[in-house]
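Structure first, then comments.
The values are calculated or read from the model by the stated rules, or taken from the named source; none is laboratory data. Because the structure is predicted, anything quoted here is derived from the model rather than measured. Counting neighbours? That spans all protein chains shown, and the Cβs are built from the backbone with ideal geometry, glycine included. The protein model used for the area step is the full one, side chains on, heavy atoms only, and it has no ligands, DNA or RNA in it. Shrake-Rupley method; radii C 1.70, N 1.55, O 1.52, S 1.80 Å.
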Amino acid sequence: MSDEQSRIRAGYPEREATLSQLGDAFASGYLDQQEFDERSTAASHARFRQDLVGLTADLPHQLAVPDREPGVPATRVRMAPDDAAARHENIVAVFSGAQREADWIAPSRGTVTAVFGGVSLDLRQCVWPADGQIEITCFVAFGGAEIKVPEGVRVVNQVVPVFGGAGSDGLRPARTGPVLVLKGMALFGGIGVTGPDASGQLGSR
């Protein structure tokens with residue numbers, strides 16, 4: 001690849017194609033949880049197409065992806081986008097706790113703030129936005145946030161840890177499943193995403 005070609009900017013289509021291939025590789029067992037998290041984060045931040053090449057260079061061109069789709073429970077989504085793109089929800093826990101669970105309507109974008117407190121989000125039974133994507137920006141300081149996701153969800157972790165941590169455990173992503181995008185910062189705190197195969201050890205790391 002020439003120098004000029006290597007400096008071509010990467011856009012949403014190129015990043016999404018790479019994220020999809022990484023999701024297939026993870027679902028097929030070619031990548032473990034940590035590798036998938038690291039490469040997905042790098043793909044989401046890639047500025048040039050060349051930055052994406054190395055993320056999939058060691059993966060087979062044709063992945064033997066197991067047929068999980070029929071077994072993935074149907075994610076409940078809104079019937080029409082209506083105001084989904086504009087819907088935003090703030091969840092705050094300061095020296096306290098906050099939670100969302102069971103049959104609730106999840107926002108397209110949300111902000112989670114946990115300062116000396118804890119936030120628990122259960123997305124397993126909620127109604128997802130019509131486009132199948134939820135973006136949550138977290139600020140956790142001396143606290144924690146726990147997010148539970150159903151089978152089929154792909155997680156893109158863009159959280160910046162500062163003397164803290166952000167990780168996932170037991171995910172079972174599907175190629176066409178919904179997407180959870182995490183952004184923000186974990187300062188002396190932790191953000192954990194657990195899927196259906198979670199070992200229960202994420203919070204104790």
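Model label sites at VAL127 and GLN33, defined 7 Å from Cα along the beta-carbon direction, differ in position by 3.2 nm. Ligands, DNA and RNA are left out, and with a 1.4 angstrom probe the accessible area of the range 92-187 is 40 Å² per residue. Per-residue accessible area (protein heavy atoms, 1.4 Å probe) orders TYR12, TYR30 as TYR12, TYR30, starting from the largest. When PHE95, PHE188, PHE26 are compared by accessible area at a 1.4 angstrom probe, the order from most to least is PHE95, PHE188, PHE26. Per-residue Karplus couplings for the range 185-199, computed as 6.51 cos²θ - 1.76 cosθ + 1.60 with θ equal to phi - 60°, are listed in order as 9, 10, 10, 6, x, x, 10, x, 10, 10, x, x, 9, 4, 7 Hz, Gly and Pro entered as x.
Multiplying the residue separation of ASP103 and VAL160 by 0.36 nm and removing their Cα-Cα distance gives an extension gain of 17.5 nm. Taking all protein chains as they are arranged and a probe of 1.4 Å, the heavy atoms of ARG175 leave approximately 110 Å² accessible to solvent.
The portion of the accessible surface of the range 131-179 made up by carbon and sulfur, rounded to a whole percent, is 54 (1.4 Å probe; DNA, RNA and ligands excluded). Among ILE8, ILE105, the order of accessible area from largest down is ILE105, ILE8, computed with a 1.4 Å probe on protein heavy atoms.
Remark: the range 109-205 carries a charge dipole of roughly 120 debye about the Cα centre, counting +1 on each Lys and Arg Cβ and -1 on each Asp and Glu Cβ. Multiplying each eigenvalue of the alpha-carbon gyration tensor of the range 136-194 by 5 and taking the square root yields semi-axes of 22, 10, 8 Å, largest first, rounded to whole angstroms. The heavy atoms of HIS88 offer some 100 square angstrom of accessible surface to a 1.4 angstrom probe. Peptide packing: for 110-116, 46-52, the average count of neighbouring Cβ atoms within 10 Å per residue gives the ranking 110-116, 46-52, highest mean first.
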